[in-house]
Amino acid sequence: MRSRRSFGRFAAVVVTGAIVLAGCTDSGSDEGQTSGGSAAAETSEASDGGGHGGMEHPMDGGPAPEGMASAEDPEFPVGTEVTLTADHMEGMEGATATISGAFDTTTYSVSFTPTDGGEPVTDHKWVVHEELENPGEAPLAEGTEVVITADHMTGMEGAEATIDSATEETVYMVDYEADGMMMTNHKWVVESEIEPAR
């Protein structure tokens, strides 16, 4: 019995190692993915655009932060099939996606140094107002220093950040497939980064 458990653990380690090594050879893509809600091995890397190269993102972003207001009349309602024009992640630009959430809030581009000692990230798109620690009233001004509570990528949660820009556009969570991997509840894409499905 003990040898079966040991073999099972060994097999899990081998499979996880293979997935991690495969991820290291990925060309990587841009930024923000979702909050943690999946197995640690199920991650995708950000693209080099926007200073996010080599950072891992969970495949399942999990639910929206508590207290977020659903958009009353979004351009793209939940369930709508759309085409993404953003390049936050490898394989995102031009991908067909399904809207999994639409919200009214202030959304920010931020720059931060990851808490795990990784390279500084510049112009990360996006973090919503509800993902900042005691942010006060929205919108925050450019240059405001904040602490991020989101865990879209490795080393993000708890990082000190600076607001680069803000938008009041409707912000969306989306499900899409890229490079054979299904990304669910990807956070975030703003309305100007979405087109009707082609």
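Remarks
- Rounded to the nearest Hz, the phi-derived 3J(HN,Hα) couplings of region 128-145 under the Karplus curve 6.51 cos²θ - 1.76 cosθ + 1.60 (θ = phi - 60°) are 8, 3, 6, 9, 10, 6, 6, x, x, 7, 8, x, 7, 6, 4, x, 5, 8, where x marks glycine and proline.
- Per the Debye calculation on region 134-198 with a single equal scatterer at every Cα and no solvent contribution, log₁₀ I(q)/I(0) for q = 0.20 Å⁻¹ amounts to -1.02.
- Order by protection proxy (mean Cβ within 10 Å, highest first), peptides 115-121, 80-86: 80-86, 115-121
- For region 72-198, a Kirkwood hydrodynamic radius built from all Cα pairs, placed in the Stokes-Einstein relation at 37 °C and 0.692 mPa s, yields a translational diffusion coefficient of 219 µm²/s.
- Relative to the current alpha-carbon distance between Asn134 and Arg198, full extension at 0.36 nm per residue lengthens the span by 19.0 nm.
- Modelled FRET efficiency - R0 22 Å, Asp179 with Val78, Cβ distances, 0.05 increments: 0.30
- Point-to-point label distance, Asp123-Ala141, nm (Cα→Cβ direction, 7 Å offset): 2.3 nm
- Nonpolar atom fraction for region 94-198, defined as the carbon and sulfur part of the 1.4 Å probe accessible area, stands at 45 percent.
- Residues Glu191 and Glu66, FRET efficiency given R0 of 22 Å [Cβ-Cβ distance, rounded to 0.05]: 0.45
The values are calculated or read from the model by the stated rules, or taken from the named source; none is laboratory data. Computed from a predicted structure; not experimentally measured. Note: ideal-geometry Cβ built from the backbone for every residue, glycine included; neighbour counts use all protein chains shown. Please note that ligands, DNA and RNA were not included when accessible areas were found on the heavy atoms of the full protein model with its side chains. Shrake-Rupley method; radii C 1.70, N 1.55, O 1.52, S 1.80 Å.
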